[in-house]
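Trainee: My questions will all concern the structure given below.
The values are calculated or read from the model by the stated rules, or taken from the named source; none is laboratory data. As the structure is a computational prediction, the values presented were derived from the model and not from experiment. We place every Cβ from the backbone using ideal geometry, glycine too, and count neighbours over all the protein chains shown. SASA here: full protein model, heavy atoms, side chains in, ligands and nucleic acids out. Shrake-Rupley method; radii C 1.70, N 1.55, O 1.52, S 1.80 Å.
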Amino acid sequence: AFDPGMDNLDCVRLFNQSRPPGIVKLLSESALMKNGRDGAAFVQVLNSSFARHSHYKVCDPQDAQRTARAKGMKSSGRGGLSLDYRECFQVRHYAGTVMYTVKGWVPRSVDALLPHISEVLASSSKPDIKRLFAKEESNSKATVGEKFCTQLEVLAETLEQGETLFVRCIKSNPQMVPGLLNRPLVLEQLLHGGVISALEQRHRGLPERIDYDHFCQEYRMLGPRCPGYSSRAHCEQLLRSIFGVEAEKQNQFAMGKTKIFMKSHLLSFLRAVMSLRVRNLAKRLQRQWRLHMGTERIRKVEEAWEKFEAVAGIARARAIETLPLVARALTDGREKIGAVVQLLEDARRTHGADIHKIAAALPNEKVRPLYSIAEAVDAVVDRVAQRKIAAEELLALRITRAMDTVLRLMDRVITVERECGEVADAISKAERDKCEIACRKAREQLQTLQASELPALKLAGPVGINLEGHEDVSSAEVCPSLSELIEQTTELVTEAEAVGQEILWVRRAFKAAVEEVQSELEAALTALEALQEQARRCVAEGLDGIVEPVDVAWQRQADAEEVLQAAKDADGYRVAAAAFVSAVRDAELTVERGREELAKREAEKQERIALQAQLDTMQQQLDEKRAVARQSMEVRMANISGMPQLIHEVDCIVQEIADLRGGAVGRTLEDWRSDIQDVAQRARVVIDTIDAQVTQATKARQEEFNRRMLAFTQSPDAKRAQAEHTSPAAFLESEGLVAHESSLLEILRLIQTVQKAGAPRSGVQRCLNHWVKSTWLNGTSPVLPPTAGEVVGQDNLAERKLRKCVTIGHKP
């Protein structure tokens, strides 16, 4: 099955996601901070945020040293560039792991013009400049990374709307030499560029897709007639008749809903067959028309001559017309075909435009073999031309291999020159001059080969091969002088190396010193590599004091490696090796002492993650309770006292949670935990209070609703019986008016007095309704000012309850 490789979507999100913030977002936040985090401080934030991400890798001292050595950098402080692991992080991309160095990221990320520059450009008299900077804001907060992410999204949307057509630029060789192909380099570019994966995916799948109607219209003449069939059935029948049912079982083609899917080679075969079929039909039609018009013989002569002229042109283009076999075939063909052509020209001059008389003047026995003669000449020319093409390809391959050999020999000469230059201060001038002369002689010969002799041999073409013979060209020697040139040049390079070996006694002494300390160095290096996992964990937790000895050990290893590369100071190498072994011992002791601190830090980090999750859960619960409280107030479930104050407390606690989340980095775990527990306690109290009040209000609302519904569901007799058996005090208690019991009972006694006086019920009822409405709604009633015993209510609910009390008319 096709292996699509590593999914790169998580790697992209590592850079451009917003929640949780990715690398670009964190960089933008650092750029907006006063004296924004940069360098090691920013890398520490990344390490603490993404240490467990599958595409992120914490950079340790070994990684920094390895990269510095691969790029020719020096991190030991002996001149050259430095690469500090504290300012580096790594990302596992599709093409491999890439190391990023954070130096000056923050100032380079700010993408805002100075105010006066922005004003000048925006007010430019040039329309294009003015349009470009019309929307430029001098205090823009968008960084370079954020703008890049936005532009990347726009580019992705644009690509989605078009077809996937890409141009891949491949670098053929690192030396930038024409005619040389470095196969490993090209293959690496094809692999990392996704070209190989795309080709493999295309090979594994069914890349060709054609609509049923279009397929039937183009290829219907290749299959049997299928009257009454649908387009899909016709396509299926056609493919099965050509490729068989086995091809369908082997997933060579498949039928979709509206399209047919097939392998590329099937479609190529169908197109070739269709082209051949059309060509044959066209020839048959042309022949019938010529027979009808009487031009068949004339056309045969013309086609034979055109064929011969084309073959002769090929022979001239391939420069083989002078070869004996080809020359004889061309001469023979020109004589035989040319004679009939001359006869045709004479007939045309004699008979003018009379086609039938011209055709009759051409004997059939002379016309019939003309095309066969032209084809025989074509066969000879084609065989010789193909042999020459094969010989030229073989020569080009030999030249390319020779070019590779020249480059390798040049590297050997450069090595000798470099080694002699490195020990120039330890050898005599005569020895140095002897080495330089030998290397210069070999270099000049190699440069001559590369610049002139090899291209000249390629231009001259194959030499010493019988192009008219029948032997295998692949085993022939197409350029004997090429091997001689390579052998002579190789001898010169070997002589230069021999001269270099004679004067490199310093290197031999150095080799003896290397053998003395090699075993001890290997053991120290193995011990240092075993510390890397522990060092990487310490880097992620910010324990620079523990990682520092490990970094020093790697620097001492780089020092020893640098002396080893120079290979001329045996005593210096022994000193560097001893310093490296000592640094490794110190690193082991420091790492061993730091294990407890590392475990403590990692446990603290896990607890911080748990506390962070607790804050997130707490904020979610508070947001939900705040929404419930606001909803309860909007629907006026009941007179919930203190609910606005509770909502205000929730807002305050949410703000405290945000402050705790933002200030987690600079605080100790104990203080942070204590503050979170305090906030959690207060949040729990507020949540329980809101739940209790909302539950109580809901219960009271439900009881009120049930009581009111009872007024509609009970029969009049039941209502009257209930009213007669309910005492005034109990009724007032059910209505929540116990605080006004004395005043309301006084109103009841006055009503009974009016009843005994003979006042009609309807009139008293209307008077009471009018005064109640005037008092509560209008605020202007004709009644007397209230006495000290009267209590006036404040809302419509009390009004309705009083009206019910008066309407029932209880007896004392």
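Trainee: I need the full set of residues from region 390-409 which are free of Cβ contacts under 8 Å to residues at least 40 places away in the same chain and over 44 Å from the mean Cα position of the chain (by Cα), in order please.
Mentor: Result: no residue meets the conditions.
Trainee: Please work out which residue is surrounded by the fewest Cβ atoms within 10 Å (Cβ to Cβ), limiting yourself to region 726-738 and to residues that are part of a helix (DSSP H, G or I) and in contact (Cβ under 8 Å) with a residue 40 or more places away in the chain.
Mentor: My answer is P728.
Trainee: Within region 432-466, count every residue that is touching a Cys at 6+ places or on another chain (Cβ under 9 Å), closer than 30 Å to R418 by Cα and either open to solvent by 60 Å² or more (accessible area, probe 1.4 Å) or hydroxyl-bearing (S, T, Y) (or both).
Mentor: Number satisfying all stated conditions: 2.
Trainee: Suppose we filter region 579-593 for residues that are over 44 Å from the mean Cα position of the chain (by Cα) and crowded, with 16+ Cβ neighbours inside 10 Å; how many remain? Step through it out loud before you land on a result.
Mentor: Taking region 579-593 first, the residues over 44 Å from the mean Cα position of the chain (by Cα) are 579, 582.
Of the ones still in play, those that are also crowded, with 16+ Cβ neighbours inside 10 Å are 579.
The number of residues fulfilling the criteria is 1.
Trainee: While we're on this one: So, in region 189-209, exactly how many residues are surrounded by 14 or more Cβ atoms within 10 Å (Cβ to Cβ) and not in a helix (DSSP H, G or I)?
Mentor: Of the residues in region 189-209, 4 are surrounded by 14 or more Cβ atoms within 10 Å (Cβ to Cβ) and not in a helix (DSSP H, G or I).
Trainee: Let me ask something else about it. Could you give every pair whose Cβ atoms fall below 7 Å, whose first residue belongs to region 699-712 and is modelled with pLDDT of 70 or more, and whose second residue is open to solvent by less than 80 Å² (accessible area, probe 1.4 Å), counting only separations of at least 6 or pairs across chains?
Mentor: A700/A638; R701/M637; R701/A638
Trainee: Checking the condition modelled with pLDDT of 85 or more and not in a helix (DSSP H, G or I), which residue from A272, A247, A254, A233 passes? Talk me through it step by step, then tell me what you get.
Mentor: Numbers: A272 fails: not in a helix (DSSP H, G or I); A247 fails: not in a helix (DSSP H, G or I); A233 fails: not in a helix (DSSP H, G or I).
Answer to the check: A254.
Trainee: Can we say Q250 is free of Cβ contacts under 8 Å to residues at least 40 places away in the same chain, of a type in the set (S, T, N, Q) and in contact with a Pro (Cβ under 8 Å, 6 or more places away or on another chain)?
Mentor: Against the criterion (free of Cβ contacts under 8 Å to residues at least 40 places away in the same chain, of a type in the set (S, T, N, Q) and in contact with a Pro (Cβ under 8 Å, 6 or more places away or on another chain)), Q250 does not qualify.
Trainee: When only residues in region 594-613 that are of a type in the set (G, A, S) and under 30 Å from V550 (Cα atoms) count, which is least open to solvent (accessible area, probe 1.4 Å)? Show your work before the answer.
Mentor: Restricting attention to region 594-613, the residues satisfying the condition of being of a type in the set (G, A, S) are 594, 599, 603, 610, 613.
Restricting the remaining residues to those that are under 30 Å from V550 (Cα atoms) gives 594, 599, 603.
On the way: G594: 5, A599: 57, A603: 60 Å².
Top of the filtered list is G594.
Trainee: From I414, I358, which residue is exposed (fewer than 13 other Cβ atoms within 10 Å of the Cβ) and among the β-branched types (V, I, T)? Step through it out loud before you land on a result.
Mentor: Working: I358 fails: exposed (fewer than 13 other Cβ atoms within 10 Å of the Cβ).
The conditions single out I414.
Trainee: So if I check each of D559, D571, D623, D616, which one is part of a helix (DSSP H, G or I), open to solvent by less than 50 Å² (accessible area, probe 1.4 Å) and of a type in the set (D, E)?
Mentor: Numbers: D571 fails: open to solvent by less than 50 Å² (accessible area, probe 1.4 Å); D623 fails: open to solvent by less than 50 Å² (accessible area, probe 1.4 Å); D616 fails: open to solvent by less than 50 Å² (accessible area, probe 1.4 Å).
None of the others qualify; the one that does is D559.
Trainee: One residue is enough: does region 472-482 have a residue meeting the conditions open to solvent by less than 60 Å² (accessible area, probe 1.4 Å), modelled with pLDDT of 80 or more and either more than 30 Å from R383 (Cβ to Cβ) or among the polar types (S, T, N, Q) (or both)?
Mentor: Yes, that holds for at least one residue.
Trainee: Determine, yes or no, whether R52 is under 14 Å from V102 (Cβ atoms), part of a loop (DSSP other than H, G, I, E, B) and open to solvent by 10 Å² or more (accessible area, probe 1.4 Å).
Mentor: For R52, the condition - under 14 Å from V102 (Cβ atoms), part of a loop (DSSP other than H, G, I, E, B) and open to solvent by 10 Å² or more (accessible area, probe 1.4 Å) - is not met.
Trainee: With respect to G469, determine if the residue is out of contact with any strand residue (DSSP E or B) (no Cβ under 9 Å at 6 or more places or on another chain), on the phi > 0 side of the Ramachandran plot and open to solvent by less than 80 Å² (accessible area, probe 1.4 Å).
Mentor: no
Trainee: Quick check: anything in region 544-555 assigned to a helix (DSSP H, G or I), touching a Ser or Thr at 6+ places or on another chain (Cβ under 8 Å), at pLDDT below 80 and open to solvent by less than 60 Å² (accessible area, probe 1.4 Å)?
Mentor: No, every residue in region 544-555 fails to be assigned to a helix (DSSP H, G or I), touching a Ser or Thr at 6+ places or on another chain (Cβ under 8 Å), at pLDDT below 80 and open to solvent by less than 60 Å² (accessible area, probe 1.4 Å).
Trainee: Are there any pairs with C-beta distances below 9 angstrom linking a residue in region 257-273 that is closer than 9 Å to D211 by Cα to a residue that is open to solvent by less than 70 Å² (accessible area, probe 1.4 Å) and in a helix (DSSP H, G or I), with the two at least 6 apart or on different chains, and if so which?
Mentor: Sorted first by the residue in region 257-273, then by its partner, the pairs are T258/Y212; K259/Y212; K259/F215; I260/Y212; I260/F215; I260/C235; I260/E236; I260/L239.
Trainee: A further question follows. Can you tell me which of A527, A509, A513, A523 is open to solvent by less than 70 Å² (accessible area, probe 1.4 Å) and either without any contact (Cβ under 8 Å) to a residue 12 or more places away in the chain or not in a helix (DSSP H, G or I) (or both)?
Mentor: A523
Trainee: A follow-up question, please. Quick check, is A329 closer than 12 Å to A304 by Cα and crowded, with 16+ Cβ neighbours inside 10 Å?
Mentor: no
Trainee: Sticking with this structure for a sec: Determine which single condition A379 fails, assuming it passes every other condition in (1) under 60 Å from the mean Cα position of the chain (by Cα); (2) buried (at least 17 other Cβ atoms within 10 Å of the Cβ).
Mentor: The failed condition is (2).
Trainee: A further question follows. Please state which one of L46, L27 is in a helix (DSSP H, G or I), under 21 Å from the mean Cα position of the chain (by Cα), at pLDDT 85 or above and not basic (K, R).
Mentor: L46
Trainee: Only one of these conditions is not met by H292: (1) assigned to a helix (DSSP H, G or I); (2) at pLDDT 85 or above. Which number is it?
Mentor: So the condition that H292 fails would be (2).
Trainee: Now a separate question. Specify which of the listed residues (V552, V547, V563) is within 24 Å of K71 (Cα to Cα) and touching a Phe, Trp or Tyr at 6+ places or on another chain (Cβ under 6 Å).
Mentor: Only one candidate passes the filter, namely V563.
Trainee: If you check S138 against the conditions, is it farther than 30 Å from A68 by Cβ and modelled with pLDDT of 80 or more?
Mentor: It is false that S138 is farther than 30 Å from A68 by Cβ and modelled with pLDDT of 80 or more.
Trainee: Let me ask something else. From the set of residues in region 626-671 that are modelled with pLDDT of 80 or more and open to solvent by less than 50 Å² (accessible area, probe 1.4 Å), which is farthest from R682 (Cα to Cα)?
Mentor: Among them, the one singled out is A629.
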